[in-house]
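Quick one: the structure is below, and I'll ask about it shortly.
Please treat every number below as a calculation from the coordinates, not as lab data. Model, not experiment: these values are computed from the prediction. We place every Cβ from the backbone using ideal geometry, glycine too, and count neighbours over all the protein chains shown.
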Amino acid sequence: MTGLTTAGTPVGERAVTGLLSLSGRALPLLRQWVGSDPGCGVARALLALATGDRWDDTVLKEQLVIAHRDALAAGEREASLVYGVFLHTHRQYRLTADHLMGHFDRWPADEQAGLMLGAFSECGDAAYRAHGEALTERQAALAGPESWPWTSWLAVTRAEQGRAREAHTLAGRALALYPRSGVAAHALAHAEHELGAGRDSIDFLDEWLRADPRAVQSRHLNWHAALHSIACGDFPDARRRADTALARTDVGMRAATNWRLLLAGQTPAGRSDPDHIRELLAAPGGTAEIFHTFNLALALAVEAATDDLRILARRAAADERPDYRDVLAPVVRALAEITAGRPRAAVELLTGLGDKAERIGGVRVEREIIQDTLARALVDAGEPARAAGLLHHRTTTRRHHAYEDLLLSPRPPADIPV
Amino acid sequence: MGVETRGTGGTGTGGSAGRVGVRAAVLGAVAGAALLPAGAAHAGIIGIGNAVFGNTCVNQGSARAEGATVAGSGLGSANQAGLPLDLPRNHCGNSGIVCTALFMSSV
């Protein structure tokens with residue numbers, strides 16, 4: 001049996017829409033769906049996809065065994081979907097991506113499988129990321145322009161490809177089709193960061209979040225709004241968002257906000273507890289993923305924890321993974337040099353990195369902070385012309401670039417009026 | 001097994017107020033900033049369940065090879081046999097939500 005809402009829409013349909021749109025109602029609806037239809041394997045699997053991170057291994061496996069058994073009875077697509085969820089929830093992203101390629105061959109543009117597209121980028125492998133982008137383009141074409149989920153995912157892809165105007169158009173189209181598409185709202189935030197939309201983007205994000213304060217991305221979109229605030233020079237607003245919207249666990253977003261504020265010569269928001277950062281690094285899996293490790297390094301940099309940064313850099317340099325050795329290690333060393341007051345050394349480390357910086361993971365907006373750091377170091381090392389050249393594409397294409405102007409300022413003012 | 005088991009070398013340095021003050025002064029001099037006391041604000045969590053939506057992880061070490069063997073039969077396994085229950089769950093990073101985790105997937 002499938003439960004119905006008062007409006008007559010099956011709860012399963014509402015749950016899937018909630019999940020696709022990253023609605024704050026997604027989890028309650030998923031739980032309601034499983035409760036009303038316990039024999040639905042897809043429902044159980046999607047709940048695992050959304051909440052499995054907090055389940056222990058035994059519970060996760062038990063739930064997915066039940067889900068797969070029930071899905072096998074429902075059909076091949078359902079069984080394949082649950083299999084993909086099993087791989088994804090076990091953080092086996094390469095295998096998930098492999099599986100999804102076969103799944104989409106048989107069930108083109110399957111929106112529920114689209115929920116796992118992130119596996120392609122989470123592999124940490126450029127080839128898989130490219131496969132994922134190509135697959136998204138194909139599936140979006142198959143789904144057609146009236147599909148808001150696929151238009152939203154295509155907008156994400158374009159944003160990450162640096163095609164900001166296309167991303168902006170696609171995100172706008174997806175939001176016109178379904179105004180509560182969280183994926184589209186997120187893609188729009190990325191596109192508008194590249195375009196320097198400033199206050200307009202902040203107003204959009206605030207309005208969008210007001211309609212669903214519990215949206216899955218509420219903290220993250222507030223962080224994007226903080227970046228827009230920094231871009232247009234509204235530093236008190238950026239601090240307010242970091243202090244009120246982020247959770248203690250959001251160490252990376254807090255660090256990425258505060259490091260930008262510091263680079264621009266501004267007062268940071270409240271910071272993370274240094275001991276908490278060290279605990280995160282020391283925890284099992286604390287340095288398992290390069291971009292999270294980089295974020296924790298930024299948090300150390302905000303604390304000017306030079307010694308910790310040097311230790312982390314040495315550890316990264318000794319790591320068997322090339323991305324850690326060749327990319328993370330010099331970046332962390334550069335952060336250490338900056339906190340030690342040696343911008344020239346940081347310039348040499350970061351300049352030598354070149355395009356390899358992409359291998360630190362994350363997405364464009366998140367990686368940009370490395371470029372910001374180099375620009376600041378260049379100015380502090382007495383090379384403002386090189387710094388200006390480095391940021392030329394930003395200062396000439398972004399409508400709001402107060403942040404970049406401050407990065408290029410030899411003696412940043414302590415604060416600027418808003 | 002393909003999980004991170006090593007401890008970090010990043011522990012063990014003190015976090016005393018005096019030490020933090022020195023660090024803050026150094027960074028302040030470099031970045032021209034006035035620094036607030038560490039840990040001045042720990043914002044509340046907005047929404048329920050959000051914390052579980054942001055983790056991102058990577059395959060590591062032998063887990064990648066093992067996983068490839070176990071689940072190598074792909075779609076056929078998905079539709080005709082059971083799940084690869086021996087597959088380990090990889091550890092993930094823990095700096096909080098990042099864009100890649102929210103971008104294309106919902107989790």
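So how tilted is helix A:11-20 from the main axis of chain A? Cα-based, degrees 0 to 90, rounded to 10.
Approximately 20 degrees, to the nearest 10.
If one puts a single equal scatterer on every Cα of the stretch A:128-282 and applies the Debye formula without solvent, what log₁₀ I(q)/I(0) results at q = 0.13, 0.16, 0.18 Å⁻¹?
-0.65, -0.91, -1.06
Would you mind classifying the stretch A:198-291 by shape? Square roots of the alpha carbon gyration tensor eigenvalues, ordered a ≥ b ≥ c; an a/c under 1.5 is rounded, otherwise it is prolate if a/b is larger than b/c and oblate if not.
oblate
Give the Rg (one decimal place) followed by the Dmax (whole number) of the stretch A:249-418, computed from C-alpha coordinates and expressed in Å.
Radius of gyration, then largest Cα-Cα span, for the stretch A:249-418: 15.2, 48 Å.
Angle, helix A:57-74 long axis vs. longest principal axis of chain A, Cα atoms, 0 to 90°, nearest 10?
So the inclination is approximately 40 degrees.
Could you grab the relative contact order for chain A? Cα pairs under 8 Å, six or more apart, rounded to a whole percent.
Relative contact order comes out at 11 percent.
Roughly how tilted is helix A:364-380, in degrees to the nearest 10 and between 0 and 90, from the longest Cα axis of chain A?
Around 0 degrees separate the two axes.
Taking a ≥ b ≥ c as the square roots of the Cα gyration tensor eigenvalues, with a/c under 1.5 meaning rounded and otherwise prolate when a/b beats b/c, else oblate, which class fits the stretch A:76-209?
Prolate is the answer for the stretch A:76-209, as a/c is 1.5 or above and a/b outweighs b/c.
Of A:PHE235, A:PHE86, how do they rank once you tally other Cβ atoms within 10 Å and put the fewest first?
Fewest-to-most ranking of A:PHE235, A:PHE86: A:PHE235, A:PHE86.
Let me confirm one metric for peptide A:208-218, namely the mean number of other chain beta-carbon atoms within 10 Å of its residues' beta-carbons. If you can, show how the numbers build up before the last one.
Numbers: counts 0, 1, 0, 0, 1, 2, 5, 3, 10, 9, 4.
Counting other chains' Cβ atoms within 10 Å and averaging over A:208-218 gives 3.
Taking the stretch A:144-239, which GluC sites (Glu not before Pro) meet the DSSP loop condition and have no more than 12 other C-beta atoms within 10 Å?
Details: sites: A:GLU146, A:GLU160, A:GLU166, A:GLU192, A:GLU194, A:GLU207; in loops: A:GLU146.
Loop-located and lightly packed - A:GLU146.
Which order do A:MET253, A:MET101, A:MET116 fall in if you start with the one that has the fewest other Cβ atoms within 10 Å?
Numbers: A:MET253 29, A:MET101 16, A:MET116 26.
The order, fewest Cβ neighbours first, is A:MET101, A:MET116, A:MET253.
Counting other C-beta atoms within 10 Å, which of A:ILE360, A:ILE338 has the fewest, and how do the rest follow?
A:ILE360, A:ILE338
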